[in-house]
Amino acid sequence: MAHVGTLPPASTTPVPIAIPLRQVWPWALFTFVVALFLLYIVGLDQGATSLFSGEWVHEFVHDGRHLLGFPCH
């Protein structure tokens, strides 16, 4: 006879969660586009190919540019 107030033993077998590819690919594409844009801003936005006028983007990401190995001067 079981004691009143006792809980049944918990399951110890992990159950994997299936995530359909239909739910993953939009987020993967969004992440890729944002990462590509950030790579452009940090590494390539300078001079003739600049999307923004002025030097403020270059000065804002200057240390990160050197940290990542992009030459800038």
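No lab work stands behind these numbers, since they all come straight from the coordinates. None of the values given here were measured: they were computed from a predicted structure.
Rounded to the nearest angstrom and listed largest first, the equivalent-ellipsoid semi-axes of region 34-73 from its Cα gyration tensor are 14, 13, 9.
Subtracting the Cα-Cα distance of SER53 and THR6 from 0.36 nm times their residue separation leaves 9.9 nm of extension gain.
Using 0.36 nm times the number of residues separating LEU68 and LEU36, minus their current alpha carbon distance, what extension gain do you get?
Difference between extended and current length: 10.1 nm.
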